[in-house]
Structures are given as C-alpha cells and as structure tokens.
1. What pairs come up if the first residue lies in segment 70-98 and is over 15 Å from Met1 (Cβ atoms), the second is of a type in the set (Phe, Trp, Tyr), and their beta carbons are under 7 Å apart, counting only those six or more places apart or on different chains?
2. Looking at segment 64-95, which of the residues that are in a helix (DSSP H, G or I) and in contact with a strand residue (DSSP E or B) (Cβ under 8 Å, 6 or more places away or on another chain) is farthest from Ala121 (Cα to Cα)?
3. Under 19 Å from Ile70 (Cα atoms), in a helix (DSSP H, G or I) and either in contact with a Ser or Thr (Cβ under 8 Å, 6 or more places away or on another chain) or hydrophobic (A, V, I, L, M, F, W, C) (or both), is that true of Leu206?
4. Among Gln117, Gln40, which is the only one that is within 25 Å of Lys6 (Cβ to Cβ) and either β-branched (Val, Ile, Thr) or in contact with a strand residue (DSSP E or B) (Cβ under 6 Å, 6 or more places away or on another chain) (or both)?
5. Looking at this structure, is Asp180 at pLDDT below 95, out of contact with any Pro (no Cβ under 7 Å at 6 or more places or on another chain), over 13 Å from Leu10 (Cα atoms) and acidic (Asp, Glu)?
6. Could you grab me the full set of residues in segment 196-213 that are in contact (Cβ under 8 Å) with a residue 40 or more places away in the chain and over 19 Å from Met38 (Cβ atoms)?
7. Name the one entry in Thr9, Thr37 that is surrounded by 13 or more Cβ atoms within 10 Å (Cβ to Cβ), in contact (Cβ under 8 Å) with a residue 24 or more places away in the chain and touching a Cys at 6+ places or on another chain (Cβ under 6 Å).
8. Please work out which residue is surrounded by the fewest Cβ atoms within 10 Å (Cβ to Cβ), limiting yourself to segment 12-34 and to residues that are out of contact with any Phe, Trp or Tyr (no Cβ under 7 Å at 6 or more places or on another chain), assigned to a loop (DSSP other than H, G, I, E, B) and not hydrophobic (A, V, I, L, M, F, W, C).
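The values are calculated or read from the model by the stated rules, or taken from the named source; none is laboratory data. On a predicted model such as this, the values are computed, not experimentally measured, just so you know. Here the Cβ positions follow ideal geometry from the backbone for every residue, glycine too, while neighbour counts run over all protein chains shown.
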Amino acid sequence: MKFTPKCLTLYTVTDRSWLNGQTLLSQVEQALKGGVTMVQLREKTLSQDAFLAEARLMRKLTRKYNVPLIINDNIEVALLSEADGIHIGQKDCSIQEARKYLGIDKIIGVTAKTPKQARLATEAGATYLGSGAVFGSGTKLDATPLSYKALQEICHSTSLPVVAIGGITEENILKLKGSDIAGAAVVSGLFKQPDIYQSARHLKKLIEKEILR
C-alpha cells in the first residue's frame, strides 16, 4: 500500500489493556470505522506464533478498510503477515537491517526523540518518525515526556512527516496545534474510551480541522 503523510492523520497503536470482553480485532474495527488511517500492531507479551496469527487477522481487516498495517519491532512477523511495514525504536534493529529484509517499498517508522535522531533516521531512509511522549504515557510508564518545543524542533529538523504519540486524547490534542505534526498516534485515547467509534470520529475531525490546517 502506498504511503502518504495522510496515513498518519489518526494512527492507532493497539493495546490489550482495555478489551473488557471484546476481541482486539473488534476494537480495531470500531476504530477503523471511526476513521483511523493507520494501525500499528504492538504485542509485547504474545509468543511469536500468536503474534503472527494476530497479525494475519489484522492484515485482512486493514485491507478491508484500505489502511496500512504496521508491525511493532518484529521483522519476521511483518514479512510473514505481509504487513505494510514496521515501526522500530532507537534500541531496536537498525533502519538498514529492516530495509534489507523488508525491501524498498515497505514503510519503516522510527522513534525520534531529538532533532539529531530525526536527522539520522531521515538520512538512513526512514519513511516517517514517531515522537513523544507528548503528554506522558499510560502504556509506557518509563517514557520521558517530550515538550511542545522539542516536538516542534523535531518536525522542523526533518523532511519526513512526524506523528506525535503519548497520552493524546480528545481533551488535550489541541495543545499540539501549530507544532507541524502530520498526525497523532493514539492508544488509550481510543481503546480506553466507552465508545471507540465515536472517539475516533471526534479525534479525526479535531486533527483535520485544527491540527493540520
């Protein structure tokens, strides 16, 4: 699937913390119906086989909605599930290694928390950057907060689109206005909400009308 910066408008990252009797697949579908533009499957506790099985199901779902599927830090699962790409952190495999196995057409997202990391990732051939945690993080308790100024500096240091992540909700997303991000990556701001579909719709509307103007 061809990547454009619009894919980052409302980017969701999966989390099993709030299933409440639902399946992850059904929750993601609610988010997709609400307007999510990219899905990252992040699984830190599943076995490799279970991760792959989930990725294959998620791949069918995202194709149905014509939305890219990104796998968090697992090249093998990304390859075998025919996902659209991978997201890697600063301590994960290198961009060069990911590109070697995935090929030139796959999406490679990279976490960048400083302008230097952003420039290096750009030079190495990343597709987009993820920066945060802009409002702290409920899923990564050790995440270092990233100030508005630092986020803006990262956006201005690279030609790549930057997606902000970390504690983003309907209540605080407008604080990112003017930062020049390409979109927002949301976890609890969707999956922790009582109505995932409506939360996705509202978030996307706010991003398109206020953040991306």
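1. Asn74/Phe51; Ile75/Tyr101; Val77/Phe51; Leu79/Tyr101
2. It comes out as Val77.
3. On the way: under 19 Å from Ile70 (Cα atoms): no; in a helix (DSSP H, G or I): yes; either in contact with a Ser or Thr (Cβ under 8 Å, 6 or more places away or on another chain) or hydrophobic (A, V, I, L, M, F, W, C) (or both): yes.
Judged against the criteria, Leu206 is not a match.
4. Numbers: Gln117 fails: either β-branched (Val, Ile, Thr) or in contact with a strand residue (DSSP E or B) (Cβ under 6 Å, 6 or more places away or on another chain) (or both).
Matching residue, one of Gln117, Gln40: Gln40.
5. On the way: at pLDDT below 95: no; out of contact with any Pro (no Cβ under 7 Å at 6 or more places or on another chain): yes; over 13 Å from Leu10 (Cα atoms): yes; acidic (Asp, Glu): yes.
Here the answer is no, as Asp180 does not meet what is asked.
6. Within segment 196-213, just Gln198 meets the criteria.
7. Just one listed residue meets the conditions, Thr37.
8. Gly21
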